[in-house]
1. Quick check: the distance between the Cα centres of the range 255-330 and the range 95-145, to the nearest angstrom?
2. Rounded to the nearest 0.05, what FRET efficiency do GLU46 and GLN415 have when you use their Cβ-Cβ distance and R0 = 60 Å?
3. Quick check: the angle from helix 324-334's long axis to the longest principal axis of the chain, C-alpha only, nearest 10 degrees?
4. Quote the charge dipole size of the range 203-336 about the Cα centre in Debye, to the nearest 20; the model charges only the Cβ of Lys and Arg (+1) and of Asp and Glu (-1).
5. Given a 1.4 angstrom probe, I'd like the percentage of the accessible area of the chain that is carbon and sulfur, rounded to a whole number.
6. Could you check what % of the DSSP bridge pairs in the chain are antiparallel, to the nearest 5?
7. Out of these labelled values of mean projected area of the Cα convex hull in nm², [x] 23.8; [y] 34.5; [z] 21.8, which was calculated from the coordinates shown here?
8. By how many degrees, 0 to 90 and rounded to 10, does the Cα axis of helix 237-249 deviate from the longest principal axis of the chain?
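The values are calculated or read from the model by the stated rules, or taken from the named source; none is laboratory data. What you are looking at is a predicted structure, and each value in this text was computed from that prediction instead of being measured. Here the Cβ positions follow ideal geometry from the backbone for every residue, glycine too, while neighbour counts run over all protein chains shown. With ligands, DNA and RNA removed, areas are computed over all heavy atoms of the protein, side chains included. Shrake-Rupley method; radii C 1.70, N 1.55, O 1.52, S 1.80 Å.
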Amino acid sequence: MSEVRSKAGLAKNVTSILNKLNTTQKNEALLAMADALVSRTADIIEANSEDLRRGKELGTSPSLLDRLALNPSRIEAIAEGLRQIVQLPDPVGDTLEIIERPNGLNIRKIRVPLGVIGIIYEARPNVTVDAAGLCLKTGNAVVLRGGSSALSSNKKIVEVLHEAMSQTALPKDALQLIEDPNRSSVDEMLKLNGLLDVIIPRGGSSLIQNVVMNATVPVIETGAGICHTFIDASANPVMAENISINAKVQRPSVCNSMETLLVHKDFADVHLAELAQKLRESDVEIRGCAETIKLVPWATEASSTDYATEYNDYVLNIKVVNNLEQAMDHIASYGTKHSECIVTELQDNAERFLQEVDAAAVYHNASTRFTDGFEFGFGAEIGISTQKLHARGPMGLPSLTSTKYIIHGSGQIRQ
């Protein structure tokens, strides 16, 4: 039996045990896991250094190396993420609806775990812990398949978590890591109907599309982030500058960072040259339309391919538009339904943008960098869903549950 099928089977076998655990037992396990991560920091960093060395030898970009790198403060932050999950309400068992029927039937709709969740992701070892914590808190088993670039880190992290789980009521088989780095292991996961209940991909566009197009297991699509900020003619220049720089520079390697800045021509004529220079001072490479290049001569020309690219790097497209409609048309053509922003002082324009732009999160006068489970008050997130079925936007604990109906009767039969 393959590693993938074997480990998925182990996870499936303990779902009945998970269903019997109460919130206190799950929280105690998560706290033990958090403490273990901190106490084993040196071992985790040593394993992570192997991944970083390998990545440098393979010519991995600095932005991807940043996503991969761990240090004591990042490990403490990852552990703190588990502690925050402990503080969050356990949604399992929550009553969502009560229906009293005329025939005396009492129907109650409650939250239940999804079952076994498969998560396929790339070079971010923090996802290993976030995903484990969120899934286990909601009574789900989880099968993780991280990117080969983080394999040493992920193996050590899961080893540490397993050791902690073995001292608690939480069965360690509920957390599985696929160590086979070959693409075939991903392909096999996509077909594990009956063992996996859902698959969640986290990563770039090619990974997500491979999962969406080839999986027979149900998928929750977490999207690539080609996010836009539109600066309207009425925008406050200082606010527009602060939002634009934050959305691009604060952490360009993540999916909610801005990839294209759309600027109304009236604002651009007065302010774009200065704004572009500020971005340049933050080491951002500018690619722009013909009108942008007139105002920012050092920018290079942007192609349609550029507008369709999620850079996750210090590269930004700028396009000058004539009006709100052009901005929204561009977003409709190139956006990935993740996060979109308008900076404007005109309430009518803001309302049109918020209502008409099709995205999981739409902003008025705030950076797209806030599309995040922690920033929304959900604690750690499993990802940002860009689809419309089951969950959309930052996915916290409730998004990792399904529902079932519990019906109480007193002998009723259907006529």
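1. 41
2. It comes out at approximately 0.30.
3. Between helix and principal axis, roughly 50 degrees.
4. Value, rounded to 20: 140 debye.
5. Using a 1.4 Å probe with all protein chains present, the chain comes out at 50 percent carbon and sulfur.
6. 30
7. [x]
8. Taking Cα atoms only, the helix is inclined about 50 degrees.
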